[in-house]
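Chemist: Before we start, here is the structure in question, set down as structure tokens.
The values are calculated or read from the model by the stated rules, or taken from the named source; none is laboratory data. In this text the structure is predicted, and so the values were computed from the model without any measurement. Backbone-built Cβ (ideal geometry, glycine too); neighbour counts: all protein chains shown. Accessible surface areas use protein heavy atoms only, side chains included; no ligands, DNA or RNA. Shrake-Rupley method; radii C 1.70, N 1.55, O 1.52, S 1.80 Å.
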Amino acid sequence: MQTFDEFEKLVAASNQLAEPDENPSQEDKVVEPLFSGTEPSSNEFYVPRIPNRKHPPSNAVTLDYKKRSVDFWRNVATKKRRSLSCVQTKFKKVTSIRQLQEWERHVAEGGSRYDKLKALRLETGKQFFLAKQKPHIVKDMNIRLWAITANRTIGLVGFTASPDWVGKLKRYYGIVDRKITKFVTDKYIQKAPQVKKTAEECVALVRSRISDYGLECMWNTDQSGFDYEMRPGRTLHLAGAKHVLAICQSENSMTHSYTVIMTISPGTRKFFPQLWITLQEDKGVFGPIVARTMFKADNLYVTASVPGKMTKKLYLEWCEKILFSHVEDRCILLADSWRTYSDQEAVLEFKPEELEYEMITSPPKVTAFHFKFIIET
């Protein structure tokens, strides 16, 4: 798992904007000067600068570097300060005695303003990083609370974690407001390493089969559900409207679906010549009029069920009419952990004797995202 130090180095290496700890220079100020020595005015328009990496800012010196420079200069052992040239031999960033005196003051105060702002940024960034490892919901007020709490130890006078400072911090770390796509429990987080392990084992098994038998015998199947009528969930409308209506052909077609089973291969054949479709019918079978007038095509195998979804009976029919009818010699089928797939004894009753058949089931909770991540890494 990535640590915060690794995350910070990655952000610093890829961030082209000046660090949020730096003071805006005079050319950055468009309207008015700072109203305080700590934060910009709310009326000030801040324009971020692209830093010149050939000329790093003079204040980009760590507090530890300043302390070691000052200690070497003061020479506590002999109580006689060393010369500037002697200090510069060991500490190349030292430019003058005045600079050493200023660094001495910074060390005594626990760091310069820049040092303290950087410490606040690092501590706040670390708290955000740890919160997202859980993952907790984080808002701007949480960032402000973390910064103000950290400042009780750091002691930057006048610091209030203003919205301007929070905005700079978010831009630096690439933090944005995103819609939550899934809510999970602690149990889900605790099981994540085990899920990843089972996914890696499944990928290793598939790779070994490909190495032994090639790509031509590998097939992957899955089913997808589609509504009869699909419409977007949003539309443009006048502001303030409490009820927004939209026309459709049938309310029933908006909630009822049909199922399609697609089977693909990484080999040269790519996919089966027939597509399996399961439509919804009240009695699970087509009526005589529907069966007579329904559109028919050689590359479609159309069935029916009451819910419009696959059943165990239809799955066995799919194995007999689609799967075993279009494979030869050897078939290794990769499918998800749908419970119906587990009854392989019933499937073997329809398998031709000369066919070598094996089914590899992806572990529960393992999705295509896990496989894609493992394969890419």
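Chemist: Considering only residues of the range 135-161 that are among the charged types (D, E, K, R) and in contact with a helix residue (DSSP H, G or I) (Cβ under 7 Å, 6 or more places away or on another chain), which is surrounded by the most Cβ atoms within 10 Å (Cβ to Cβ)? Write out each step before concluding.
Modeler: Let us first name the residues in the range 135-161 that are among the charged types (D, E, K, R), namely 139-140, 144, 152.
So of that shortlist, the ones also in contact with a helix residue (DSSP H, G or I) (Cβ under 7 Å, 6 or more places away or on another chain) come out as 140, 144.
Numbers: Asp140: 15, Arg144: 18.
Only one residue tops the list, namely Arg144.
Chemist: Quick one: is Ser253 part of a helix (DSSP H, G or I), among the small types (Gly, Ala, Ser), more than 28 Å from the chain's Cα centre (by Cα) and at pLDDT 90 or above? Walk me through how you get there before you give the answer.
Modeler: Values: part of a helix (DSSP H, G or I): yes; among the small types (Gly, Ala, Ser): yes; more than 28 Å from the chain's Cα centre (by Cα): yes; at pLDDT 90 or above: no.
Criteria not met by Ser253.
Chemist: Please work out which one of (1) modelled with pLDDT of 85 or more; (2) charged (D, E, K, R); (3) over 19 Å from Ser224 (Cβ atoms); (4) surrounded by 12 or more Cβ atoms within 10 Å (Cβ to Cβ) is the condition Asp343 fails and give its number.
Modeler: Of everything listed in (1) modelled with pLDDT of 85 or more; (2) charged (D, E, K, R); (3) over 19 Å from Ser224 (Cβ atoms); (4) surrounded by 12 or more Cβ atoms within 10 Å (Cβ to Cβ), Asp343 misses just condition (1).
Chemist: Can you tell me which of (1) at pLDDT below 90; (2) surrounded by fewer than 15 Cβ atoms within 10 Å (Cβ to Cβ); (3) closer than 30 Å to Ala13 by Cα is the one Ala77 doesn't meet?
Modeler: Unmet for Ala77, out of (1) at pLDDT below 90; (2) surrounded by fewer than 15 Cβ atoms within 10 Å (Cβ to Cβ); (3) closer than 30 Å to Ala13 by Cα: (3).
Chemist: If you take the residues of the range 210-224 that are open to solvent by 60 Å² or more (accessible area, probe 1.4 Å) and touching a residue at least 24 places away in the same chain (Cβ under 8 Å), which of them is farthest from Ser253 (Cα to Cα)?
Modeler: Quick first cut of the range 210-224, residues open to solvent by 60 Å² or more (accessible area, probe 1.4 Å) only: 211-213, 215-216, 220, 222.
Okay, now just the ones that are also touching a residue at least 24 places away in the same chain (Cβ under 8 Å), so 213, 215-216, 220, 222.
On the way: Tyr213: 45, Leu215: 40, Glu216: 39, Asn220: 30, Asp222: 23 Å.
Taking the candidates together, the pick is Tyr213.
Chemist: A further question on this structure: Mind checking which residues of the range 164-200 are open to solvent by 70 Å² or more (accessible area, probe 1.4 Å) and either in contact with a helix residue (DSSP H, G or I) (Cβ under 6 Å, 6 or more places away or on another chain) or in contact (Cβ under 8 Å) with a residue 24 or more places away in the chain (or both)?
Modeler: Start the filter on the range 164-200 by keeping residues that are open to solvent by 70 Å² or more (accessible area, probe 1.4 Å), which leaves 171, 176-183, 185-188, 190-191, 193-194, 196-197, 200.
Matches in the range 164-200: Arg171, Ile180, Lys191, Lys196, Glu200.
Chemist: What are the pairs, 6+ residues apart or on separate chains, where a residue within the range 356-377 that is under 13 Å from Cys202 (Cα atoms) and of a type in the set (Gly, Ala, Ser) has its Cβ under 7 Å from a residue that is at pLDDT 60 or above and not in a strand (DSSP E or B)?
Modeler: Going by the 7 Å Cβ cut-off, the qualifying pairs are Ser362/Cys202; Ser362/Asp336; Ser362/Ser337.
Chemist: Out of all the residues in the range 324-340, which are open to solvent by less than 50 Å² (accessible area, probe 1.4 Å) and either part of a helix (DSSP H, G or I) or touching a His at 6+ places or on another chain (Cβ under 7 Å) (or both)?
Modeler: Across the range 324-340, the qualifying residue is only Thr340.
Chemist: For the subset of the range 354-377 comprising residues that are at pLDDT 90 or above and assigned to a loop (DSSP other than H, G, I, E, B), which member is surrounded by the fewest Cβ atoms within 10 Å (Cβ to Cβ)?
Modeler: Restricting to residues being at pLDDT 90 or above and assigned to a loop (DSSP other than H, G, I, E, B), the top hit is Glu354.
Chemist: Can you tell which of Lys66, Lys93 is closer than 22 Å to Lys118 by Cβ, open to solvent by 60 Å² or more (accessible area, probe 1.4 Å), touching a helix residue (DSSP H, G or I) at 6+ places or on another chain (Cβ under 9 Å) and modelled with pLDDT of 85 or more?
Modeler: Just one listed residue meets the conditions, Lys93.
Chemist: Criterion first (within 30 Å of Lys67 (Cα to Cα), in contact (Cβ under 8 Å) with a residue 24 or more places away in the chain and not in a loop (DSSP other than H, G, I, E, B)) does Phe128 satisfy it? Break it down into steps so the answer makes sense when it comes.
Modeler: On the way: within 30 Å of Lys67 (Cα to Cα): yes; in contact (Cβ under 8 Å) with a residue 24 or more places away in the chain: yes; not in a loop (DSSP other than H, G, I, E, B): yes.
Yes.
Chemist: In the range 296-323, what residues are over 10 Å from Gln274 (Cβ atoms), part of a loop (DSSP other than H, G, I, E, B) and of a type in the set (D, E, K, R)?
Modeler: Within the range 296-323, Lys296, Lys309 meet the criteria.
Chemist: Here's something else I'd like to know. Look at the range 253-294 and say how many of its residues are free of Cβ contacts under 8 Å to residues at least 12 places away in the same chain and within 19 Å of Asp227 (Cα to Cα).
Modeler: The first filter runs over the range 253-294 and keeps only residues free of Cβ contacts under 8 Å to residues at least 12 places away in the same chain, leaving 270-271, 287-294.
Next, from what is left, pick out any that are within 19 Å of Asp227 (Cα to Cα): 294.
Residues in the range 253-294 being free of Cβ contacts under 8 Å to residues at least 12 places away in the same chain and within 19 Å of Asp227 (Cα to Cα): 1 in total.
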